[in-house]
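The values are calculated or read from the model by the stated rules, or taken from the named source; none is laboratory data. The model shown is predicted, which means the values in this text are computed figures rather than measured ones. Cβ coordinates were reconstructed from backbone atoms using ideal geometry, including for glycine residues, and neighbour counts include every protein chain displayed. Surface areas here come from the heavy atoms of the whole protein model, side chains and all, with no ligands, DNA or RNA. Shrake-Rupley method; radii C 1.70, N 1.55, O 1.52, S 1.80 Å.
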Amino acid sequence: MEEKKIINNEQKLESLYADARQIIESARSNAVRSVDFCRVQMYWHLGQRIFEEEQHGKERADYGAYLTRTLANRLEPEFGTGFGVRQLERARQFYRTYPIASTVRSQLNWSQYKLLISISDPDKREYYELESVNNAWTARETERQINSMLYERLLMSNDKESVLAVARQQRIPEEPTEIIKDPMVLEFLGLHREASYYEKDLEGAIITHLTDFLLEMGKGFSFVARQKRLLLEDDEFFADLVFYNRLLRCHVVIELKTGELTHQDLGQLQMYVNYYDRNVKLPDESPTIGILLCTAKNDTVVRMTLPEDNKTILASEYQLYLPTQEQLIQEINEVKRLAQNKGE
């Protein structure tokens, strides 16, 4: 009896400790967010004041530069580098980009707003702003998605209106192509292009960097299994990676290839998808999606191997480096050309 009381007391103390930790961590997190937003508001008001003063002397072409330079010379020695010429110019640009105070979001910090105001395309800027809020991205994650040109990659297989509608939470993605990107950018794996490696090396690197991989995969993904064993009578097969997407409400089977895909690879992936559809999928779930992640693909081989109405087997190239804007524009134009030729 005494031993039972001791156990109960220990459980209560453990529960108290867990609750106390949660209270402290929550308060700290709220305090950090509060400080971050105060900083954002400070730069907005600075930008507003500088812009208003600049308008009073707008007959002078160089008056704006003179204002920020003179103000920085007085503020920086007193308050530090956060108030130099460059930061004050950003504050002014911040106000010009977001002239209505109520549109400034408390969920975003100054580092994220610095990234956003550098984007001239208003639709593109809105997309990253909304997705940073919707997915609670850190500044590092926002920067990474901008640098990897997530918006442009989604536009390769979707129209702008549907991409923005999903970001605005006006609709839920319905098709795999609305979430799954081609190409996928996996620079965070740390694998060098010139080095030789096997599928198991690629798979191991993905598991090691699973959080980054889920970010690159997109909305609604959760990890299910690695080297999932599939038993077909006496034969064993192993699917490289299995995920679940709660938005599409389906399993996603990924096969990894460190070379160019073949029709045999597509056939094997189709078998895995069929297995999940017939043995794992629940009646109210959507059909399983298969993704063949490879270094290069032949679109003609993909089209000829798969049925014309195929919507569940996707081939996506991966890159181990961040693409340049020129490279991505070239790929987008190539996708458009192929789509036009297919339409003709």
*Does the stretch 231-283 come out rounded, prolate or oblate, given a ≥ b ≥ c as the square roots of the eigenvalues of its C-alpha gyration tensor, rounded meaning a/c under 1.5 and, failing that, prolate meaning a/b above b/c?*
oblate
_Which of rounded, prolate or oblate describes the chain when judged by the alpha-carbon gyration tensor and an a/c cut-off of 1.5?_
oblate
*Using Cα pairs closer than 8 Å and at least 6 residues apart in sequence, work out the relative contact order for the chain, in percent.*
12
_Mean accessible surface per residue for the stretch 91-150, computed with a 1.4 Å probe while every protein chain stays in place, in Å²_ = 43
*Excluding residues fewer than 8 places away in the same chain, name every one of the aspartates and glutamates whose C-alpha is closer than 17 Å to that of K297.*
D182, E199, E255, E260, D265, E317, E331, E334
_With Cα atoms, 0 to 90° folded angle of helix 63-79 axis to the chain main axis_ = 90
*Hand me the chymotrypsin sites (Phe, Trp or Tyr not before Pro) from the stretch 119-197 located in a DSSP loop with no more than 14 other Cβ atoms within 10 Å, in residue order please.*
Y197
_Taking all protein chains in place and a 1.4 Å probe, what share, in percent, of the accessible surface of the stretch 180-257 do carbon and sulfur account for?_
48
*Report the label-to-label distance for E285 and V104 in nanometres (one decimal), using points 7 Å from each Cα along the Cα→Cβ vector.*
4.6
*Stretch T258-N310 to full length: gain in nm at 0.36 nm per residue minus the Cα-Cα span?*
16.3 nm
_I'd like the orientation of helix 85-97 relative to the chain: the angle between its Cα long axis and the longest Cα principal axis, in ° from 0 to 90, rounded to 10._
70
*To the nearest 20 debye, what is the magnitude of the charge dipole of the chain about its Cα centre, counting +1 on the Cβ of each Lys and Arg and -1 on the Cβ of each Asp and Glu?*
1360
*Prolate/oblate/rounded call for the stretch 37-113, Cα gyration tensor, a/c under 1.5 rounded*: oblate
_Given an 8 Å cut-off on Cα distances and at least 6 residues of separation, report the relative contact order of the stretch 48-150 as a percent._
20
*Among K124/K219; K160/K281; K124/K281; K200/K281, which pairs are too far apart, with a Cα-Cα distance over 25 Å?*
K160/K281; K124/K281; K200/K281
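Hey, can you find the accessible area per residue of the stretch 151-279 for me, probe 1.4 Å, expressed in square angstrom?
50
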